[in-house]
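Here's the structure we're looking at; comments come further down.
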Amino acid sequence: MKKLFGFAIAALMSCFLAVACGQTSSTAPTNGDPTASTGNLTNIPIGIAFAQTSNVALLGQEGVAGAKIAEEYFNKQGGINGTPIRLVFQDTAGDEQGAINAFNTLISQDKVVGIVGPTLSQQAFGADPIAERAGVPVIAASNTAKGIPQIGKYISRVSAPVAVVAPNAIDAALKINPQIKKVAVFYAQNDAFNKSETGTFQETVKQKGLDIATVQTFQTTDTDFQSQVTNAINVKPDLVIISGLSSDGGNLVKQLRELGYKGLIIGGNGLNTSNLLPVCKALCDGIIIAQAYSPELDNPINNDFRKLYKEQNKKEPPQFSAQAFTGVQVFVEALRTLDKTTKLNTLALPDLRTQLNNTLLTGKYITPIGEISFTPEGEIDQKQFFVAQIKMDADGNSGRFTFLQ
Ligand code: 1QQ
């Protein structure tokens with residue numbers, strides 16, 4: 001009787017997952033045979049929750065591009081031991097409520113096995129607790145604030161924290177100009193990531209024996225920075241460090257240069273996109289940004305990823321695309337591993353989600369961002385970091401991230 005009940009659940013489940021896929025299966029239904037292979041599932045839905053609208057889309061659309069490449073790439077390899085994955089995209093827009101809505105839809109309506117996202121840490125602090133309560137694994141692919149994996153046991157990340165990435169930018173600035181003494185710090189005070197990042201920058205500045213000559217605050221929605229820029233220029237800084245997002249950050253850089261600041265500028269992770277270039281144009285030239293990815297990292301999967309990205313976009317892949325690809329890759333490889341021990345279509349969705357989370361946390365992955373693994377808490381263990389500097393072309397309309405040694 002108990003066994004029969006188990007079979008009934010399994011039958012319901014394989015139907016459940018197949019229905020969740022929103023397509024009809026091309027193969028005959030299994031009538032709930034729990035020993036049947038995952039070939040009987042139409043596909044395996046994985047949620048992608050990035051900002052596709054609002055100012056935050058300047059960052060989120062790079063995540064979308066990386067995830068799409070991963071879907072095509074892993075499905076060409078046969079997906080999950082023969083069953084394709086299907087990415088379900090829900091737009092988080094730019095705020096917490098947008099991310100919460102996207103997560104709720106992915107979890108309850110789209111019935112995904114796990115979620116890659118959201119774009120901002122600020123959104124993660126609002127939306128991740130929902131996934132945690134529902135027992136749905138979340139892999140953050142661009143959340144770098146302190147405290148993300150600590151939200152809960154279903155939350156991990158492939159985006160290394162600013163605490164380990166950002167200090168590299170200060171080392172690079174000091175290498176370019178060893179005379180730096182006075183530093184002006186700017187940060188957006190309405191955003192969790194930027195508050196976390198400026199904490200790291202300010203601690204590092206002090207550790208290096210440099211002076212924080214002024215700290216100026218703004219909002220990610222601001223466009224006019226005249227008063228903060230004037231305050232900063234008055235203290236005659238040798239280095240400016242900005243923690244903001246790309247639209248506000250780009251305008252701030254522009255106004256710093258227009259009002260006469262000539263020294264080095266470090267931008268944080270929120271400025272880490274070539275979508276910044278149309279905002280500050282020629283005045284973006286020279287911005288230093290720490291990187292958790294280099295297109296030149298030489299391993300087979302990065303070489304494949306780089307080639308596919310370049311074919312589609314005619315430029316080098318950015319960090320947020322590589323991290324999103326990596327998030328999907330971790331789900332794919334963990335699903336393959338799990339399916340080898342327990343056929344996925346024998347698991348009810350809640351069990352599948354839980355076992356997927358347990359499996360992904362114990363794996364080792366060779367990815368476009370290098371070899372990675374997770375601490376038991378879900379924090380990424382990543383080996384290599386880089387620093388890039390923006391070089392604008394003479395016309396001021398195009399430019400690129402060049403990597404420093
Ligand atoms: C965070 C970030 C963003 C700037 C990435 C898009 O690092 O919010 O944590």
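Please go through segment 60-97 and give me each residue that is closer than 20 Å to Gln122 by Cβ and hydroxyl-bearing (Ser, Thr, Tyr), ordered by number.
Thr92
Going by what's in this entry, would Gly94 be described as within 16 Å of the ligand (Cβ to nearest atom), over 18 Å from Gln323 (Cβ atoms) and in a loop (DSSP other than H, G, I, E, B)?
In short, yes.
Listed residues Pro149, Pro178, Pro167; which is within 16 Å of the ligand (Cβ to nearest atom), of a type outside the set (D, E, K, R) and either open to solvent by 10 Å² or more (accessible area, probe 1.4 Å) or in contact with a Leu (Cβ under 7 Å, 6 or more places away or on another chain) (or both)?
Of the residues listed, the single one that is within 16 Å of the ligand (Cβ to nearest atom), of a type outside the set (D, E, K, R) and either open to solvent by 10 Å² or more (accessible area, probe 1.4 Å) or in contact with a Leu (Cβ under 7 Å, 6 or more places away or on another chain) (or both) is Pro167.
Could you tell me whether any residue of segment 284-299 is more than 26 Å from Ile372 (Cα to Cα), touching a residue at least 24 places away in the same chain (Cβ under 8 Å) and open to solvent by 50 Å² or more (accessible area, probe 1.4 Å)?
Within segment 284-299 (the criterion being more than 26 Å from Ile372 (Cα to Cα), touching a residue at least 24 places away in the same chain (Cβ under 8 Å) and open to solvent by 50 Å² or more (accessible area, probe 1.4 Å)), the answer is yes, since at least one residue qualifies.
Quickly run through segment 252-276 and pick out the residues that are open to solvent by 10 Å² or more (accessible area, probe 1.4 Å), more than 18 Å from Ile170 (Cα to Cα) and within 16 Å of the ligand (Cβ to nearest atom).
Ser274, Asn275
Go through the residues of segment 273-295 one by one and say whether even a single one is among the small types (Gly, Ala, Ser), farther than 26 Å from Gly396 by Cα and within 20 Å of the chain's Cα centre (by Cα).
yes
Identify the single condition in (1) in a loop (DSSP other than H, G, I, E, B); (2) more than 16 Å from the ligand (Cβ to nearest atom); (3) buried (at least 24 other Cβ atoms within 10 Å of the Cβ) that Ala131 does not satisfy, given that it satisfies every other one.
It is condition (1) that Ala131 fails.
Collect the residues in segment 69-91 that are part of a helix (DSSP H, G or I), open to solvent by 10 Å² or more (accessible area, probe 1.4 Å) and closer than 15 Å to Ala324 by Cα, keeping them in residue-number order.
Listed by number, the residues that qualify are Glu71, Glu72, Tyr73.
How many residues, within segment 337-355, are without any contact (Cβ under 8 Å) to a residue 60 or more places away in the chain and either under 27 Å from the mean Cα position of the chain (by Cα) or in a helix (DSSP H, G or I) (or both)?
Total satisfying the criteria: 5.
Got at least one residue in segment 93-101 being open to solvent by 10 Å² or more (accessible area, probe 1.4 Å) and at pLDDT below 95? Step through it out loud before you land on a result.
Within segment 93-101, the subset open to solvent by 10 Å² or more (accessible area, probe 1.4 Å) is 93-98, 100-101.
From what is left, the residues that are at pLDDT below 95 are none.
Checking segment 93-101: not a single residue is open to solvent by 10 Å² or more (accessible area, probe 1.4 Å) and at pLDDT below 95.
Looking only at residues that are over 24 Å from Asn234 (Cβ atoms) and in a loop (DSSP other than H, G, I, E, B) in segment 181-209, which one is nearest to the ligand (Cβ to nearest atom)?
Here the residue is Asp191.
Restricting to segment 365-382, name every residue that is part of a strand (DSSP E or B) and acidic (Asp, Glu).
Matches in segment 365-382: Glu371, Asp381.
Looking at segment 321-336 only, could you name the residues that are more than 16 Å from Asn75 (Cα to Cα) and not hydrophobic (A, V, I, L, M, F, W, C)?
Ser321, Gln323
Scan segment 103-128 for residues that are within 16 Å of the ligand (Cβ to nearest atom), buried (at least 24 other Cβ atoms within 10 Å of the Cβ), among the small types (Gly, Ala, Ser) and more than 18 Å from Glu62 (Cα to Cα) and jot them down.
Ala127
The values are calculated or read from the model by the stated rules, or taken from the named source; none is laboratory data. None of these values were measured; they are calculated from a predicted model. Every residue, glycine among them, receives a Cβ derived from its backbone with ideal geometry; neighbour counts consider all protein chains shown. Ligands, DNA and RNA are excluded from the accessible area calculation, which covers all protein heavy atoms including side chains. Shrake-Rupley method; radii C 1.70, N 1.55, O 1.52, S 1.80 Å.
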